[in-house]
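**Student:** Submitted below is the structure of interest, expressed as structure tokens.
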Amino acid sequence: MSTLADPTRVADPTTDAFVVHRNPSPVPDAVRAEALVAPRFGQVFTDHMARVTWTAGQGWHDHRVDPYGPLAMDPATAVLHYAQEIFEGLKAYRHADGGVWTFRPWANAARLRRSAERLALPVLPEGDFLGSLQALVREDVAWVPDGEETSLYLRPFMYASEKFLGVRASQEVEYLVIASPVGPYFAGGLQPVSIWVAQDHHRAGPGGTGAAKCGGNYAASLLPQQEAYARGFDQVCFLDATTNSQVEELGGMNVVVVLADGTVVTPPVSGSILEGVTRASILRLLADRGHEVQERPVPLTELVAGLADGSVSEVFACGTAAVVSPIGRLAGEGFDHAVHGGEPGPVTLHVRERLTDVQYGRAQDTYGWMYRLA
Ligand code: COI
């Protein structure tokens, strides 16, 4: 079994290099407190943003924490035309003692590096990645909610900022981190979601950017997602672009299948699927619990037949934003099946609890996955 290896933690965070320009008009305490009660995903943002600039001549420089606010952009800025952009997603969790921690940020730093290489963007040093998270969270620590299943979602991103319409890698790049208090990604919380399998649109193809976390992949998923919504479904599942027969991922989440005998099956990270940090962590937790874990192609026909004859007992989606979200219905052209009677299954609930217990500090971090931010 190959899971995402824990990257070596070589670099110290460069937190002290970030010069803080404090927001002169932060959100008033009472307004912030109200925003933290039941935060919806990605709607409200904190008082600051971390930022580092790159130019071909100077490399990465000007590390800072600025007041959160609009970015002034020339209409000819390269990212607006050629989508040279990548991002990450991770969360800061408040523990019972008030400390604020994040989960496996080294894995996100490594994935940002791989995404940068694929999109011809400069590689941000791991120390700057960790430092940017720490500098921002220390400044905005009051924004980390403490309600059940709430966290501060951190969104690092990098884009081509050069004013130039020629098609080549940008000579100027901006890296930023913004933060948003969040609750469950799906409005229904743990309520199982319904999935429509797209058979006429693909998210990524061989040799493309599917394994990179770049905005373009998400843009490609929006039309099929809209079509799924129009049919009354919550999310769309993509198949591979070569054979249109193997299950890949949901666009913003990986997908995991649990067989009736307890075997856990998930599509391999073949180059067109995002290598999810949550995915890898869950596979590790399930393997250590004694489940046989198979990373192998999952033919749609096998999944549909398994749901029909009961040999597939659970299906769930996983990702940083979605955590572990049970799938209660899977449908596409010519099939429509309830999954586990439309209820969350026991393996799904177990692994969700196991993961979140580590993330929220309710269980011992035996894997060394947590990293203190504040
Ligand atoms: C995440 O899980 O962090 C994601 O980036 C998925 C989505 C919200 C874009």
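Read-outs: derived from the displayed coordinates by stated rules, not from any lab. Keep in mind that what you see is a predicted model, and the values were worked out from it rather than measured. Glycine also receives a Cβ, built like all others from the backbone with ideal geometry; neighbour counts cover every protein chain displayed.
**Student:** Compute the helix-to-body angle for 215-230: its Cα long axis versus the longest principal axis of the chain, expressed 0 to 90° and rounded to tens.
**Tutor:** Once rounded, the angle reads 50 degrees.
**Student:** Would you grab the residues whose amide H sits under 5 Å from the one on Val20? Only those 5+ places off in sequence or on another chain, please, with H modelled 1.01 Å from N.
**Tutor:** Val65
**Student:** In nm², what is the average projected area of the convex hull enclosing the Cα atoms of the stretch 193-359?
**Tutor:** Working: hull surface 35.2 nm².
Mean projected area for the stretch 193-359: 8.8 nm², to one decimal.
**Student:** Which ³J(HN,Hα) values, rounded to whole Hz and listed in residue order, are derived for the stretch 134-141 from phi using the Karplus coefficients 6.51, -1.76 and 1.60 in 6.51 cos²θ - 1.76 cosθ + 1.60 with θ = phi - 60°, glycine and proline given as x?
**Tutor:** 5, 4, 5, 5, 4, 6, 10, 4
**Student:** Where does each of Thr243, Thr102 land when they are ranked from fewest to most other beta-carbon atoms within 10 angstrom? List each step's numbers first, then the result.
**Tutor:** Numbers: Thr243 10, Thr102 24.
Exposure proxy ranking, most exposed first: Thr243, Thr102.
**Student:** Another question, if that's okay. Note down the relative contact order for the stretch 1-100 as a percent, whole number, built from C-alpha pairs under 8 angstrom at least six residues apart.
**Tutor:** 25 percent
**Student:** Something else: Treating the angle as unsigned and between 0 and 90°, give the value, to the nearest 10°, between the Cα long axis of helix 105-118 and the longest Cα principal axis of the chain.
**Tutor:** For helix 105-118, the angle is close to 90 degrees.
**Student:** So for the stretch 193-261, what percent of the C-alpha to C-alpha distances run longer than 17 Å?
**Tutor:** Tail fraction, whole percent: 40.
**Student:** In addition: How much net charge surrounds Pro184 when only the other residues with a Cβ under 15 Å from the Cβ of Pro184 are counted, with Lys and Arg +1 and Asp and Glu -1?
**Tutor:** -1
**Student:** Per-residue HN-Hα couplings for the stretch 360-374, Karplus 6.51 cos²θ - 1.76 cosθ + 1.60 at θ = phi - 60°, whole Hz, x for Gly and Pro?
**Tutor:** 8, x, 7, 10, 5, 8, 6, 8, x, 8, 8, 9, 7, 9, 7
**Student:** Given points 7 Å out from each Cα along the Cα-Cβ axis, report the Thr366 to Phe41 separation in nanometres with one decimal.
**Tutor:** 3.0 nm
**Student:** Provide Lys91, Lys213, Lys163 in ascending order of the number of other Cβ atoms located within 10 Å of each residue's Cβ, fewest first.
**Tutor:** Lys163, Lys91, Lys213
**Student:** In Å, what is the Rg of the alpha-carbon atoms in the stretch 150-274, and how long is Dmax?
**Tutor:** According to the Cα coordinates of the stretch 150-274, Rg and Dmax are 17.2, 57 Å.
**Student:** Okay, moving on. How large is ³J(HN,Hα), in whole Hz, for each residue of the stretch 48-56 in order, when computed from phi with the Karplus curve 6.51 cos²θ - 1.76 cosθ + 1.60 and θ = phi - 60°, using x for Gly and Pro?
**Tutor:** 9, 9, 8, 7, 9, 10, 10, 10, 4
**Student:** Over the alpha-carbon set of the stretch 263-374, divide Rg by the Kirkwood Rh and report the Rg/Rh ratio to two decimals.
**Tutor:** Looking at the stretch 263-374, the ratio lands at 0.99.
**Student:** Calculate log10 I(q)/I(0) of the chain for q = 0.10, 0.11, 0.13 Å⁻¹, where I(q) comes from the Debye formula with a single equal point scatterer on each Cα and nothing for solvent.
**Tutor:** Here the Debye-derived log intensity ratios amount to -0.64, -0.78, -1.09.
**Student:** Restricting to Cα pairs below 8 Å that are 6+ residues apart, what does the relative contact order work out to for the chain? Please round to a whole percent.
**Tutor:** 19 percent
**Student:** Using the count of nearby Cβ atoms within 10 Å as a rough guide to exposure, how do Asp261, Asp288 rank from fewest to most?
**Tutor:** Ordered from fewest to most neighbouring Cβ atoms within 10 Å, Asp261, Asp288 come out as Asp261, Asp288.
**Student:** A follow-up question, please. Grab the Cα-Cα distance for Ala83 and Ala308, subtract it from 0.36 nm times how many residues apart they are, and report the gain in nm with one decimal.
**Tutor:** Gain on stretching Ala83 to Ala308: 76.8 nm.
**Student:** Val19 to Ala338: FRET efficiency via 1/(1 + (r/R0)^6), r the Cβ-Cβ distance, R0 51 Å, to the nearest 0.05?
**Tutor:** 0.40
**Student:** In degrees between 0 and 90, to the nearest 10, how far off the longest principal axis of the chain does helix 346-359 point, with axes built from Cα atoms?
**Tutor:** 20 degrees
**Student:** Normalise the Cα radius of gyration of the stretch 7-183 by 2.2 N^0.38 Å (N = residues in it) and let me know the number.
**Tutor:** Details: Rg = 16.4 Å, N = 177, 2.2 N^0.38 = 15.7 Å.
With N residues counted in the stretch 7-183, Rg over 2.2 N^0.38 Å equals 1.04.
**Student:** Out of residues 5 or more away from Ala363 or on other chains, whose amide H comes under 5 Å of its own, with H placed 1.01 Å from N in the peptide plane?
**Tutor:** Those lying under 5 Å, H to H, from Ala363 are Val358.
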